[in-house]
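Only one structure is covered here, and it is reproduced in the block below.
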Amino acid sequence: MQKRHLLHITYFLNFFFGLHAFALLYVHSSVLSRAVGEQSVGLVYALAALSAIIVLSFVPTILKRVGDVRFVFFCVVAEIVAALGIAFTGEPLLIVLLFIVHSVAYRAILVDLDIFLESASTEDTTGVVRGSFLTVGNIALVIAPVLVGLLLGSTELYSKVYLFASLILLPAALLLLLSFRHFKDPRYVRASLLQTFKKIWARPALRRITLIDFLLRFFYAWMVIYMPLYLHTYIGLPWDRIGVIFTIMLVPFALFELP
C-alpha cells in the first residue's frame, strides 16, 4: 500500500515537473534569441547540455552524501530561482547562466524521479508503471502549449510564462517533502561514462535502443529550438495559435504511450 501510494505521488510530481518544463520548452529559444541573437541560440543549448552531462556524472556521489529527497528539493529550488531570474532580468549573460542552471536542474530531477519510480515498482510491473508515468507526463506536454498560448496571446511577455512555471513547482515541492520524508535511499553506484558505453555496446538490444533514443532526441532538439522561432518570428503566427498547433501535434503522445 505504501509503495502504491508513493507511486501515485511520483505520478503527480511528474505531472507538475512536466507542466513546468514543457511550459518553458517552446519559449526558451525566443527568449535566448533576444539575449544572444538567433545564431548563438544553438551554442547556448549545447553548453547547457554539456553542463548537464558533467553534473549528471557526479549525481551518484551527491546522492550518497545528501540523499535523493534533499537533492531533488535542492534542484526544485534551483529551478524556481532560475525561472524567476529569467522572468525579471534583462541581462543577456545572466539569462544564459540561469538557462544552464534550469537545464541541469531539470535533468537531475528526471534522474531523481526515476529513482522514486524504481523504488516503488517491481520488475513484473515495469511496463504498466513506466507507461503510466510517461502518459501522465505527456498529458502535461499536451496541456502546456495551450496554457502558454493563453498566457501570451499575441504578445511577447515571456516573463509571464516563467513566472507561471515557477509557481507550478511550489505544490510539487510541498508534495515531495510531505510524501518522501521517510524515503530510504537505495545503494548508489557511480560508473564512468566509458564503463557505461562499454556495457551498452556489449548488449545488442540495449545498444540498438540507445541509438534509436539518440536519433529521436536529436530530432527533438532541432524541433524544440527552431520550430517556435520559425513559426513566430518568420511566419508571424501569434503564440495563442502556436499553442493550439502544438497541442494538436502532441496529442498522440498522450494517446499512444500507454498501449
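Quick rundown of the values:
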{"read-out": "Total charge dipole magnitude, the chain, about the Cα centre, Cβ charges on Lys, Arg, Asp, Glu only, Debye to nearest 20", "value": "820 debye"}
{"read-out": "Per residue, in Å², the accessible surface of the stretch 135-186 once ligands and nucleic acids are set aside, probe 1.4 Å", "value": "48 Å²"}
{"read-out": "HN-Hα J in Hz across the stretch 136-152 - Karplus 6.51, -1.76, 1.60, θ = phi - 60°, x for Gly and Pro", "value": "4, x, 6, 4, 4, 4, 6, 6, 4, x, 5, 4, 4, x, 5, 5, 8"}
{"read-out": "Net +/- balance of residues flanking LEU152 in space, Cβ distance below 13 Å, scoring K and R +1, D and E -1", "value": "0"}
{"read-out": "Rounded if a/c under 1.5, otherwise prolate or oblate - the stretch 157-211, Cα gyration tensor axes", "value": "oblate"}
{"read-out": "Lys/Arg +1, Asp/Glu -1 at C-beta; the stretch 118-259 dipole; positive extreme among ALA165, ALA205, PRO145", "value": "ALA205"}
{"read-out": "Length added when fully stretched, THR89-ILE209, from 0.36 nm per residue minus Cα-Cα", "value": "39.1 nm"}
{"read-out": "Size descriptor, Kirkwood hydrodynamic radius, that averages inverse alpha-carbon separations across the stretch 105-187, Å", "value": "15.2 Å"}
{"read-out": "Residues of the stretch 129-160 with amide N under 16 Å of the 7 Å Cα→Cβ point at LEU175", "value": "132-144"}
{"read-out": "Residue-by-residue Karplus 3J(HN,Hα) for the stretch 198-214, coefficients 6.51, -1.76, 1.60, Hz, glycine and proline x", "value": "5, 5, 5, 5, 6, 10, x, 5, 5, 5, 5, 5, 5, 5, 4, 4, 4"}
{"read-out": "Size of electric dipole in the stretch 145-259: Cβ of Lys, Arg +1 and of Asp, Glu -1, about Cα centre, debye, nearest 20", "value": "820 debye"}
{"read-out": "Cα gyration tensor, the stretch 65-140 - rounded (a/c under 1.5), prolate or oblate", "value": "prolate"}
{"read-out": "Net charge dipole size for the stretch 27-178 [Lys, Arg +1 and Asp, Glu -1 on Cβ; Debye, nearest 20]", "value": "240 debye"}
{"read-out": "By average C-beta atoms within 10 angstrom, highest first, the peptides 183-194, 95-106, 244-255", "value": "95-106, 244-255, 183-194"}
{"read-out": "FRET E, pair ARG241, GLN39, Förster distance 25 Å, beta-carbon r, rounded to 0.05", "value": "0.45"}
{"read-out": "Hull shadow area, averaged, the chain [alpha-carbon convex hull, nm²]", "value": "14.1 nm²"}
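The values are calculated or read from the model by the stated rules, or taken from the named source; none is laboratory data. Just so we're clear, the structure is a prediction, and the values are computed from it rather than from any experiment. Cβ coordinates were reconstructed from backbone atoms using ideal geometry, including for glycine residues, and neighbour counts include every protein chain displayed. Note: accessible area is taken over every heavy atom of the protein model, side chains too, but ligands, DNA and RNA are not part of it. Shrake-Rupley method; radii C 1.70, N 1.55, O 1.52, S 1.80 Å.
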